[in-house]
Each structure stands twice: as structure tokens, then as C-alpha cells.
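The values are calculated or read from the model by the stated rules, or taken from the named source; none is laboratory data. Source: prediction; values computed, not measured. With ideal geometry, Cβ positions are generated from the backbone for all residues, glycine too; neighbour counts draw on all protein chains shown.
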């Protein structure tokens, strides 16, 4: 079995503050360390569980958050850096996917650092009429390749969100959200032990967890925050303006939807 681990930052254990996740913030280095340590807990557990090859994708911001020299030697590739629109590099070579350190969708009450892709631009996203966050988009992208998402980690609000559309997936709660910028955190060793335990459980259950699909083509409706700029739609039948803050795009794949949005 080969495993693909997509890693975001806001749902990592120990993360609760904007200062830990933004490039220009005072505590960014702390956030980088915490993300690297969660990755190592997941990677090492997967290797112990018998996974043959492990690909890890730094999927936060500019994909430059991990601390390379502190990463586990048990992974085969760490995918980082300026990757353009290629969000799912190498996923086709793997059998299953873990979404590590994910956060709840925009507007979730009590979700730690909740947002959907871009908190400065996006108020809400709906996919085929269903309000959706990043976990759903990435689960669908995996599903298009026939790959199940076997585990997700994050706060309790993210885990609740994911259970609604991935009921068979292992959810790994590493903290409880209180407000957008506050949480009840597990101690580090307990959080890492939980990640390891859930990773091994997900690998044991791998063949019983289905991949996630949705009827295609997809229609993404985007509601922007105040004063955000609507896309240019002239001559492109895939895009439609709804009102001064809302538009829709239609495509047959999640990578195409994310490129058009």
C-alpha cells in the first residue's frame, strides 16, 4: 500500500492563533515546528503499520511550511515549494489519502481558524448546492482518482464536518475549538499518540473505506467577502456572475474548479 498525506496547518495539534500560521507573524516558526512534528507522528505510524511508500504534500499557503531537516526519514517524498496549480502531485501513485491538520469550513461556529481556502476573499463556497470546505474538495479530488480518504485530523468541528460526508473515515480530534482564535489543546505527546493510533486504525480499515464522489459536472458557487473582486467572465461559458458578491463556475474535475474559481 502507498499512502498520500495532504497537510494543512490550521488543524495541526497545538495551533490556535493567527500568529502561528501567517507568513509575516511572530510565532510562525512555532507553527512550522508543530506541523513538522504532526507529520512525523503520522509518517512513522504509517511505516510501522506496513505502508510501503509515503508521499507528503505541504498544502498550506505557499507549500513552504515544513522544516526539512526535522522531517522523518520514513517518507519517500516531501512535496513542497512553488507548485502552481498542481495541488495533487503524486496522488495518482498512491492507494489512499490522509488529510492531516485540516480546519473547518468558513463560518463554522467555534472552528479554530475556520476559513475556506482564502479568508481574505471567500465568505462561503457551495459545491453542487452543498456548503463545502477544503476537506470536501480534497476528498473529491482523491475520489476522482479512486482513492479513499481514510483519515482526517483537526479540531472537533472539522471532525464533525467530515463525518457528515465521509462516515467511514477515521476522524482524529487533536483539539477542541472554542473560538476562531482559541482552543482546548491536547498535550503534545497525547496528540501525537492519537495521530499515530488513528493512522494505524485507518490503514487497517483501508479496504473498507470507499472513495468519495459527487455528481459531475460540478458547480461551485462562491460568495466573496465585502469588496473582493469578481472574476472576469466575458466569453467564458464556465463562469457566471450572480450578483455583486457572488458568482458560479462549472467544470468536470476538482483541479479545474480550483483553477477557475
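Here residue 125 fulfils each of the conditions (1) farther than 26 Å from residue 43 by Cα; (2) modelled with pLDDT of 95 or more; (3) out of contact with any strand residue (DSSP E or B) (no Cβ under 8 Å at 6 or more places or on another chain) apart from (3). Being at pLDDT 95 or above, closer than 18 Å to residue 23 by Cβ and part of a loop (DSSP other than H, G, I, E, B) is a property that holds for residue 66. In the set (1) loosely packed, with under 14 Cβ neighbours inside 10 Å; (2) within 18 Å of the chain's Cα centre (by Cα); (3) free of Cβ contacts under 8 Å to residues at least 40 places away in the same chain; (4) assigned to a helix (DSSP H, G or I), the condition left unmet by residue 32 is number (1). Taking the criterion of being free of Cβ contacts under 8 Å to residues at least 24 places away in the same chain and more than 14 Å from residue 40 (Cβ to Cβ), the residues of region 51-72 that qualify are 63, 64. Could you tell me whether region 20-29 includes any residue that is under 16 Å from the mean Cα position of the chain (by Cα) and in a loop (DSSP other than H, G, I, E, B)? Yes, some residue in region 20-29 is under 16 Å from the mean Cα position of the chain (by Cα) and in a loop (DSSP other than H, G, I, E, B). Residue by residue through region 106-135, note down the ones that are without any contact (Cβ under 8 Å) to a residue 60 or more places away in the chain and surrounded by 23 or more Cβ atoms within 10 Å (Cβ to Cβ). 116, 132, 133, 135 - these are the residues of region 106-135 that are without any contact (Cβ under 8 Å) to a residue 60 or more places away in the chain and surrounded by 23 or more Cβ atoms within 10 Å (Cβ to Cβ).
The residues of region 11-38 that are in contact with a strand residue (DSSP E or B) (Cβ under 7 Å, 6 or more places away or on another chain) and under 16 Å from residue 115 (Cα atoms), listed by number, are 11, 12, 16. Filtering region 139-162 to residues that are within 22 Å of residue 191 (Cα to Cα) and out of contact with any strand residue (DSSP E or B) (no Cβ under 6 Å at 6 or more places or on another chain) leaves 160, 161. Per the conditions (1) crowded, with 18+ Cβ neighbours inside 10 Å; (2) closer than 18 Å to residue 130 by Cβ, the sole criterion not satisfied by residue 192 is (2). Note on region 203-217: residues that are surrounded by 14 or more Cβ atoms within 10 Å (Cβ to Cβ), within 25 Å of residue 106 (Cβ to Cβ) and over 19 Å from the mean Cα position of the chain (by Cα) amount to 1.
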